[in-house]
1. Using the Cα centre of chain B as the reference point, and only Cβ charges (+1 on K/R, -1 on D/E), how large is the resulting charge dipole? Debye, rounded to the nearest 20.
2. Kirkwood hydrodynamic radius (Cα pairs, Å) of the range B:76-155?
3. Once you average over the residues of B:129-137, how many Cβ atoms of partner chains fall within 10 Å of each Cβ?
4. For the protein assembly as shown, compute the orientation-averaged projected area of the C-alpha convex hull (one quarter of its surface), in nm².
5. Any idea what angle helix A:220-232 forms with the longest principal axis of chain A, computed on alpha-carbon atoms, 0 to 90 degrees, nearest 10?
6. What is the angle, in °, between the Cα long axis of helix B:298-308 and the longest principal axis of the Cα atoms in chain B? Nearest 10 is fine, range 0 to 90.
7. Under 20 Å Cα to Cα from A:LYS7, which lysines show up? Leave out anything in the same chain fewer than 8 places away.
8. Would you tell me the mean number of C-beta atoms belonging to other protein chains that fall within 10 Å of each C-beta in B:344-351, as a whole number?
Amino acid sequence: MTTVAVKPATMAQALGRALRDAMAADPAVHVMGEDVGTLGGVFRVTDGLAKEFGEDRCTDTPLAEAGILGTAVGMAMYGLRPVVEMQFDAFAYPAFEQLISHVSRMRNRTRGAMPLPITIRVPYGGGIGGVEHHSDSSEAYYMATPGLHVVTPATVADAYGLLRAAIASDDPVVFLEPKRLYWSKDSWNPEEPPAVEPIGRAVVRRSGRSATLITYGPSLPVCLEAVEAAQAEGWNLEVVDLRSLVPFDDETVTTSVRRTGRAVVVHESGTFGGPGGEIAARVTERCFHYLEAPVLRVAGFDIPYPPPMLERHHLPGVDRILDAVARLQWEAEN
Amino acid sequence: MTVMEQRGAYRPTPPPAWQPRTDPAPLLPDEVPYRVLGTDAAAEADPELLRRLYGELVRGRRYNTQATALTKQGRLAVYPSSTGQEACQVAAALVLEERDWLFPSYRDTLAAVARGLDPVQALGLLRGDWHSGYDPRERRIAPLCTPLATQLPHAVGLAHAARLQGDDVVALALVGDGGTSEGDFHEALNFAAVWQAPVVFLVQNNGFAISVPLAKQTAAPSLAHKAVGYGMPGRLVDGNDAAAVHQVLGEAVAHARAGGGPTLVEAVTYRMEAHTNADDDKRYRADSEVEAWRAHDPIALLEHTLTERGLLDEAGIQAAREDAEAMAADLRERMNQDPALDPMDLFGHVYDQPTTQLLEQEAQLRAELAAQERHHESEGAPR
């Protein structure tokens, strides 16, 4: 038995590997978007794919997001499995009509006769000093559209496992990539990539008794940091990483909150009308009699995403999470 | 000292040589819409094709009047009539091979029916029992598309995918004059030309986008001229001349199938009825304008050529009308039956596997329906 050196890999590399493995496994998988070919994507996620699989399978398209997604619809109608890249979160907006009017409902309007297995990769979120239109968190728009799955990994292993699952799904998946975590690293055995994760299951990243932090994507590392900081003050926090916003894993979240009796939802997209409101409502409906305090939200302000020199004031950080935890006013047990 | 301060020192060199990518001249459309009927070319036209086009035109007109009547009876929520545009619809359907794909807009029910879609199924969207509802793969007809021009990139993607897989499939996409102002029109044509996708775009220029006339829609010399900017040929054709539309589309389809890339065809026609039954066209156009087009009726045009060439007599005309009448009677009878709807279908086709959230809502509706059932039973009221 040979031992394979376990080496670090970044999330961007894991995503690229997932694309490569999916393309190798199924000739129907096509990668397309602006700059995904020769350049390998502006984040290098698609690096090498055009060389390995040819430009017909990893295609540099004209610069037109509605056209990218609209042609992907037709390609899926003819049996392909397109994986499209929307270079930055806010660049996806021109494609919204295709997404909402066609991608999300083709299965429904054809009574199941024509599913569209399209994966829409969207690098999203802030924290990288991007200028305007390069840091939006658009997940609430996608969540509000029936027919779409909305998935967002927070770890290197999940980036691989969930992207493979998204590409294998017969339904359209909006795959939100936390661009702030593209360079985060984890150990990686190149001979044995991580397991393919089923879409729709949350996971408990830290076990605790005092309160549950419910989070996903770019806010997971912030929450884990908050756990450490809270421990110093004798607080024992549980962290649930949702991984999938649609479908939503009520069971994992409910089980956790019923045990801890307190919950804070943490994400960086806006508070009003944001995912946290939906999550807090669901938690309240299911856990009301178990709750010792109202479900709180620590989220972005309700402002257009701020300019890079001010974004640190907007993004929920450890202190803001700890303040919320303090507001949960728990008993002396801790 | 900066470069700017060195007066006279900077000698500009000409930029690197520039060349147009494509000679635009062969891409330009004709100066007047191409015609067959009423010209010398009519004598050469294939009799079998002309007869077939005629039969479909007559059926199509009858379909339009029957569907319009069904809206008045409340059997259809809405019907956008294509009366006056039947030549475009029929030619679009007949020009395609079975393996090809049609991408219709909401006004193109007739094209779908002429391609073989069940006349009742073709009305599902407009009746309101389901959004579209038919299986697109059965007849290779995409769902009737309500948002404007958004089906055009689908046609491009499908044609591109077919070619990548070595299939000589052509996609024909239909759009109106208003739709040419939409961004998706632009993006679709650009993708098609860059990819050299085997797709044909047919613009049915019927004069109005609801109430807005073409002059307020575009400043282009013609809609066919737009093709040149994308690097594809533009063709201008008389949209009421079924033989001409069929010929021009046939050439464009053959060109695409042979690997020649996309074509934009503008068919100049006229919408004889209001936009839909909800529209009052008297507010934006004069009767005299409508009457002028009535004199250029697509059925009368073809009938004239056929009778002139001795290919159609009174008995033939009568037979075509009876065939159309039988189709209308069947449509009427089937549309007058209430569709059998199962409310639980609402949850059936949102995802491959329903989410737990949908399963909860499904259970809620099932419980509501059961409660209503019990209520009706206890009241003894008919359902």
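Each reported figure results from applying straightforward, stated rules to the coordinates on display, with no laboratory input. All figures in this text were calculated on a predicted structure; none of them were measured in a lab. Note that we place each Cβ from the backbone using ideal geometry, even for glycine, and neighbour counts take in every protein chain shown.
1. 980
2. 12.6
3. 5
4. Numbers: hull surface 180.0 nm².
If you wrap the Cα atoms of the protein assembly as shown in a convex hull and average its projections, you get 45.0 nm².
5. Value to nearest ten degrees: 20.
6. Its long axis makes an angle of about 80 degrees.
7. The reachable lysines, counting only those whose Cα sits under 20 Å from A:LYS7, are A:LYS185.
8. On the way: counts 0, 3, 1, 0, 4, 12, 9, 14.
Neighbouring Cβ atoms belonging to other protein chains average 5 per residue here.
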